[in-house]
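The values are calculated or read from the model by the stated rules, or taken from the named source; none is laboratory data. Quick caveat: nothing in here was measured; it's all calculated off a predicted structure. Note: ideal-geometry Cβ built from the backbone for every residue, glycine included; neighbour counts use all protein chains shown.
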There are 2 protein chains.
Amino acid sequence: MADVARDAGVSVASVSNYLNKRPYMSADMARRVAASIERLGYQVNSSARTLRSGRTGLIKLMIPDLRQPYFSELAEDVLDRARAHGYGVIVESTTNSRERELDGIRAMGTNMADGLILSPLLMRSDDVAVLDGDYPLVMLGERLFGVDAPHVIIGNRSGAADATAHLLAAGATRIMVVGAALEERGETSSGLLRTRGHLEALRAHGVASDLDLLVGTEGWGSRDGALAVERALNRGLRFDAVLALNDALAWGVLRGLREHGVDVPGDVRVVGFDDVSESSYMSPSLTTVDPNRPEVARLAVESIVRQIEAGGRAPAMRVEAGHALRTRESSPAS
Amino acid sequence: MADVARDAGVSVASVSNYLNKRPYMSADMARRVAASIERLGYQVNSSARTLRSGRTGLIKLMIPDLRQPYFSELAEDVLDRARAHGYGVIVESTTNSRERELDGIRAMGTNMADGLILSPLLMRSDDVAVLDGDYPLVMLGERLFGVDAPHVIIGNRSGAADATAHLLAAGATRIMVVGAALEERGETSSGLLRTRGHLEALRAHGVASDLDLLVGTEGWGSRDGALAVERALNRGLRFDAVLALNDALAWGVLRGLREHGVDVPGDVRVVGFDDVSESSYMSPSLTTVDPNRPEVARLAVESIVRQIEAGGRAPAMRVEAGHALRTRESSPAS
DNA sequence: CTGAAAGCGCTAACAA
DNA sequence: TTGTTAGCGCTTTCAG
């Protein structure tokens with residue numbers, strides 16, 4: 001920078017002013033500085049800028065697993081919005097490890113990033129203390145409401161309820177829920193919330209629920225969905241519809257049913273959750289709940305940027321992204 | 001840090017020594033420093049460390065699109081290997097924009113990251129100059145060999161050749177290639193290389209190639225695959241096998257065929273490329289070329305880390321990750 | 001083995 | 001409007 005200043009015959013401060021687009025600069029000086037920068041091929045050293053200004057220009061995004069299409073698509077959306085605001089993104093996948101999740105959060109103390117967008121999966125409510133701090137933070141999903149920071153929530157309950165209502169309207173009487181989760185010591189999770197939404201819808205429609213139809217899975221991948229169907233069919237479980245709690249599970253369900261000669265939607269209707277892009281191209285194409293991922297990303301990034309600019313964490317609040325049922329072949333509108 | 005030094009009754013230099021695990025420290029001092037750090041909850045400020053040491057502890061990963069399962073799985077693998085070496089990863093998706101690709105590369109001049117792992121998509125050979133520099137760099141894929149840096153290549157040609165040989169052995173005579181690319185002013189691309197591998201295999205087996213069977217697509221998503229089949233069928237193209245140049249295309253192909261009542265593998269066999277995890281759970285499950293993604297990630301990260309530790313870019317060289325055909329239902333072993 | 005001190009390159013008061 | 005200058009918090013010689 002000193003070189004540029006010398007070359008342009010101005011002070012380093014003026015170069016800094018130019019770089020940071022500060023007002024009150026003669027057009028002439030701006031021109032000269034610009035020319036010198038160009039000639040010398042100067043580029044700011046971001047570490048120095050960071051040390052002095054306290055800003056890294058980086059947002060940290062922590063998600064459970066990039067291999068889940070839902071999260072990779074979300075990450076892409078976040079990258080996109082962040083770039084629009086001039087920020088880079090450090091992506092961290094917690095790979096379903098609670099320790100990694102906690103470590104990643106603790107690392108915020110080293111000022112590697114200006115803010116954190118966190119989609120927690122395994123943290124427990126007694127872990128929320130690690131999130132204490134004044135750095136900008138946005139929580140994604142509906143977990144951990146004890147945290148005093150903005151939450152961008154998705155319609156887990158209402159989305160699942162809509163999906164269930166849709167199946168009931170189509171005449172389903174026995175809906176198997178794949179990926180279902182039941183109350184676990186006060187913790188919330190997408191699975192739990194979606195399951196709950198489903199049960200609420202059943203109740204609202206006066207349909208009795210059958211615990212046998214709530215099928216838990218180890219993970220939330222296609223493999224788990226296929227396995228769940230396999231096992232259900234083998235033990236003679238009767239069902240005329242499946243609500244898979246995410247699309248990857250639903251793909252596996254479609255495959256599992258197909259393998260057993262069960263026609264979709266003829267014999268069994270299937271609905272997923274997430275509206276991952278490939279779901280339109282399954283055969284049959286998948287009816288699913290669209291949680292409006294781009295909106296989630298937009299709200300999250302905007303909040304984090306606002307907090308960064310304001311210089312600290314914003315108080316707890318909830319914004320919801322809205323959702324919609326995408327009706328396709330696996331469970332056409334009745 | 002000064003606080004810690006004061007609290008422990010030592011100099012800041014000793015604290016720094018402790019932090020950086022330098023040798024020659026009395027066990028007693030180490031203990032005291034550790035205790036003070038613990039008590040004060042001290043965490044190093046990475047910007048200051050970076051400014052002074054010139055190392056960010058960050059690797060930049062540039063890929064075309066996180067929504068492509070191939071790239072999100074690759075990114076996850078890279079994240080994993082990088083973490084194993086103590087590095088964080090700044091992910092940048094170039095979203096199929098050449099300008100963005102170039103901008104991202106230029107930003108390396110600001111020392112935001114210690115090294116760059118680049119999977120180029122749209123750069124042209126006349127753009128390679130932007131990659132000039134001494135910073136650690138690893139190129140992914142088989143493009144841009146003019147760049148003087150290590151390349152981790154995948155078996156595009158040989159993988160496609162194997163897939164083709166497999167189809168021919170199964171009795172296929174007319175193989176439609178979906179996503180095919182032909183020579184374009186000296187540029188290489190995965191599509192081109194895979195197409196070339198296919199043609200080579202045809203030739204090796206004495207099978208005439210029919211240009212009509214080389215079908216280009218706009219993108220490489222399921223949608224493009226489904227459209228390609230749709231159009232081929234509509235214009236009466238005859239084929240008894242499909243080589244889709246990536247799995248997402250293949251999924252679309254499976255759907256397209258299914259919609260038209262074409263049985264897979266009975267009427268038409270289908271093979272993909274990438275062995276993305278969900279491909280095992282399509283119905284039928286997809287035969288595909290496994291490019292050994294984890295190995296690609298491992299080689300890339302190890303090379304970049306080695307370069308970072310050596311303090312600069314390594315000379316051009318090629319390491320290949322190896323590949324294997326995964327035979328599944330869409331084209332069983334004959 | 002430990003401490004003192006000189007910057008890394010930049011930004012932001014403050015002065016001019 | 002532009003210039004001077006004091007650090008940001010750490011690492012790293014170099015002395016002791």
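Say we look at segment A:49-70 and pick out the residues that are more than 8 Å from chain B (Cβ to nearest Cβ) and among the hydrophobic types (A, V, I, L, M, F, W, C); which of these is nearest to DNA strand C (Cβ to nearest atom)?
Looking at the filtered set, the residue picked out is A:Ile59.
Within the bounds of segment A:199-211, is there any residue that is among the aliphatic types (A, V, I, L, M), touching a helix residue (DSSP H, G or I) at 6+ places or on another chain (Cβ under 8 Å) and at pLDDT below 95? Before the answer, list the steps.
The initial filter retains those residues of segment A:199-211 that are among the aliphatic types (A, V, I, L, M), namely A:199, A:201-202, A:204, A:207-208, A:211.
Filter once more, so that each one left must be touching a helix residue (DSSP H, G or I) at 6+ places or on another chain (Cβ under 8 Å): A:201-202, A:204, A:207-208.
Within this subset, residues satisfying the condition of being at pLDDT below 95 are A:208.
Yes: one or more hits.
Hey, among A:Gly115, A:Gly57, which residue is surrounded by 18 or more Cβ atoms within 10 Å (Cβ to Cβ), under 17 Å from A:Glu302 (Cβ atoms) and in contact with a Lys or Arg (Cβ under 8 Å, 6 or more places away or on another chain)?
Values: A:Gly57 fails: in contact with a Lys or Arg (Cβ under 8 Å, 6 or more places away or on another chain).
Matching residue, one of A:Gly115, A:Gly57: A:Gly115.
Being within 24 Å of A:Glu76 (Cβ to Cβ), within 11 Å of chain B (Cβ to nearest Cβ) and in a helix (DSSP H, G or I), is that true of even one residue in segment A:265-277?
Step one: list which residues in segment A:265-277 are within 24 Å of A:Glu76 (Cβ to Cβ), which gives A:272-277.
Filter again for within 11 Å of chain B (Cβ to nearest Cβ), leaving A:276-277.
With in a helix (DSSP H, G or I) added as a condition, the list becomes A:277.
Yes, segment A:265-277 contains a residue that is within 24 Å of A:Glu76 (Cβ to Cβ), within 11 Å of chain B (Cβ to nearest Cβ) and in a helix (DSSP H, G or I).
Assigned to a helix (DSSP H, G or I) and not aromatic (Phe, Trp, Tyr): is that true of A:Leu74 in this structure?
On the way: assigned to a helix (DSSP H, G or I): yes; not aromatic (Phe, Trp, Tyr): yes.
Spelling it out, A:Leu74 is indeed assigned to a helix (DSSP H, G or I) and not aromatic (Phe, Trp, Tyr).
Give the residues of segment A:253-302 that are among the aromatic types (Phe, Trp, Tyr) and more than 14 Å from the chain's Cα centre (by Cα), sorted by residue number.
First pass over segment A:253-302, keeping only residues among the aromatic types (Phe, Trp, Tyr): A:273, A:281.
Correct list: A:Tyr281 only.
Within segment A:35-48, take every residue that is of a type in the set (Gly, Ala, Ser) and surrounded by 12 or more Cβ atoms within 10 Å (Cβ to Cβ) and give me the one that is nearest to DNA strand C (Cβ to nearest atom). Before you say what the answer is, go through the steps one by one.
Filtering segment A:35-48 down to residues of a type in the set (Gly, Ala, Ser) leaves A:35-36, A:41, A:46-48.
Going one step further and asking which of them are surrounded by 12 or more Cβ atoms within 10 Å (Cβ to Cβ), we end up with A:35-36, A:46-48.
Details: A:Ala35: 17, A:Ser36: 13, A:Ser46: 8, A:Ser47: 7, A:Ala48: 3 Å.
My answer is A:Ala48.
Give just the number: which of (1) of a type in the set (A, V, I, L, M, F, W, C); (2) under 28 Å from B:Leu61 (Cα atoms); (3) within 11 Å of DNA strand D (Cβ to nearest atom) does A:Ala82 not satisfy?
(3)
Just the residues that are part of a helix (DSSP H, G or I), near DNA strand C (Cβ under 8 Å from one of its atoms) and more than 14 Å from chain B (Cβ to nearest Cβ), please, taken from segment A:5-34. Steps first, please.
Quick first cut of segment A:5-34, residues part of a helix (DSSP H, G or I) only: A:5-8, A:12-19, A:27-34.
So of that shortlist, the ones also near DNA strand C (Cβ under 8 Å from one of its atoms) come out as A:12-13, A:15-17, A:19.
Those that are part of a helix (DSSP H, G or I), near DNA strand C (Cβ under 8 Å from one of its atoms) and more than 14 Å from chain B (Cβ to nearest Cβ): A:Val12, A:Ala13, A:Val15, A:Ser16, A:Asn17.
Against the condition of a type outside the set (Asp, Glu), more than 16 Å from DNA strand D (Cβ to nearest atom) and without any contact (Cβ under 8 Å) to a residue 60 or more places away in the chain, how does A:Pro64 come out, does it pass?
On the way: of a type outside the set (Asp, Glu): yes; more than 16 Å from DNA strand D (Cβ to nearest atom): yes; without any contact (Cβ under 8 Å) to a residue 60 or more places away in the chain: yes.
Considered against the rule, which asks whether it is of a type outside the set (Asp, Glu), more than 16 Å from DNA strand D (Cβ to nearest atom) and without any contact (Cβ under 8 Å) to a residue 60 or more places away in the chain, A:Pro64 comes out as yes.
Is it the case that segment B:106-129 has a residue that's in contact with a helix residue (DSSP H, G or I) (Cβ under 8 Å, 6 or more places away or on another chain), among the acidic types (Asp, Glu) and within 24 Å of A:Asn45 (Cα to Cα)?
Restricting attention to segment B:106-129, the residues satisfying the condition of being in contact with a helix residue (DSSP H, G or I) (Cβ under 8 Å, 6 or more places away or on another chain) are B:106, B:110-112, B:114-124, B:127.
Adding the requirement that they be among the acidic types (Asp, Glu) leaves B:114, B:127.
If we keep only those that are within 24 Å of A:Asn45 (Cα to Cα) as well, we get B:114, B:127.
Among the residues of segment B:106-129, at least one is in contact with a helix residue (DSSP H, G or I) (Cβ under 8 Å, 6 or more places away or on another chain), among the acidic types (Asp, Glu) and within 24 Å of A:Asn45 (Cα to Cα), which makes the answer yes.
In segment A:242-256, is there at least one residue being farther than 21 Å from A:Ala180 by Cα and either in a helix (DSSP H, G or I) or at the interface with another protein chain (Cβ under 10 Å from one of its Cβ atoms) (or both)? Steps first, please.
Taking segment A:242-256 as the starting set, the residues that turn out to be farther than 21 Å from A:Ala180 by Cα are none.
Scanning segment A:242-256 turns up no residue that is farther than 21 Å from A:Ala180 by Cα and either in a helix (DSSP H, G or I) or at the interface with another protein chain (Cβ under 10 Å from one of its Cβ atoms) (or both).
Among the residues of segment B:35-57, what is the count of those that are outside any helix (DSSP H, G or I) and more than 11 Å from DNA strand D (Cβ to nearest atom)?
First pass over segment B:35-57, keeping only residues outside any helix (DSSP H, G or I): B:41-45, B:54-57.
Checking which are more than 11 Å from DNA strand D (Cβ to nearest atom) leaves us with B:41, B:56.
Total meeting the criteria: 2.
Which numbered condition in (1) free of Cβ contacts under 8 Å to residues at least 12 places away in the same chain; (2) part of a helix (DSSP H, G or I); (3) more than 16 Å from DNA strand C (Cβ to nearest atom); (4) not hydrophobic (A, V, I, L, M, F, W, C) is the only one that B:Asp80 fails?
(1)
Suppose we filter segment B:71-83 for residues that are more than 9 Å from chain A (Cβ to nearest Cβ) and in contact with a strand residue (DSSP E or B) (Cβ under 6 Å, 6 or more places away or on another chain); how many remain?
Summing the residues that are more than 9 Å from chain A (Cβ to nearest Cβ) and in contact with a strand residue (DSSP E or B) (Cβ under 6 Å, 6 or more places away or on another chain) in segment B:71-83 gives 2.
Within segment A:150-171, track down each residue that is of a type in the set (A, V, I, L, M, F, W, C) and at pLDDT below 95. Reasoning before the result, please.
Initial filter on segment A:150-171 (of a type in the set (A, V, I, L, M, F, W, C)): A:152-154, A:160-161, A:163, A:165, A:167-170.
Matches in segment A:150-171: A:Ile153, A:Ile154.
Mind checking which residues of segment B:84-98 are within 12 Å of chain A (Cβ to nearest Cβ) and assigned to a helix (DSSP H, G or I)? Lay out the reasoning, then the answer.
Applying the first criterion (within 12 Å of chain A (Cβ to nearest Cβ)) to segment B:84-98 yields B:84, B:86-97.
If the condition is that a residue be within 12 Å of chain A (Cβ to nearest Cβ) and assigned to a helix (DSSP H, G or I), then B:Ala84 is the only one that fits.
Every residue in segment B:172-189 that is modelled with pLDDT of 95 or more and of a type outside the set (S, T, N, Q), please.
Of all residues in segment B:172-189, those modelled with pLDDT of 95 or more come to B:172-180.
Matches in segment B:172-189: B:Ala172, B:Arg174, B:Ile175, B:Met176, B:Val177, B:Val178, B:Gly179, B:Ala180.
Could you figure out which of (1) part of a loop (DSSP other than H, G, I, E, B); (2) over 14 Å from the mean Cα position of the chain (by Cα); (3) away from DNA strand C (no atom under 16 Å from the Cβ) isn't true of A:Ala107?
(1)
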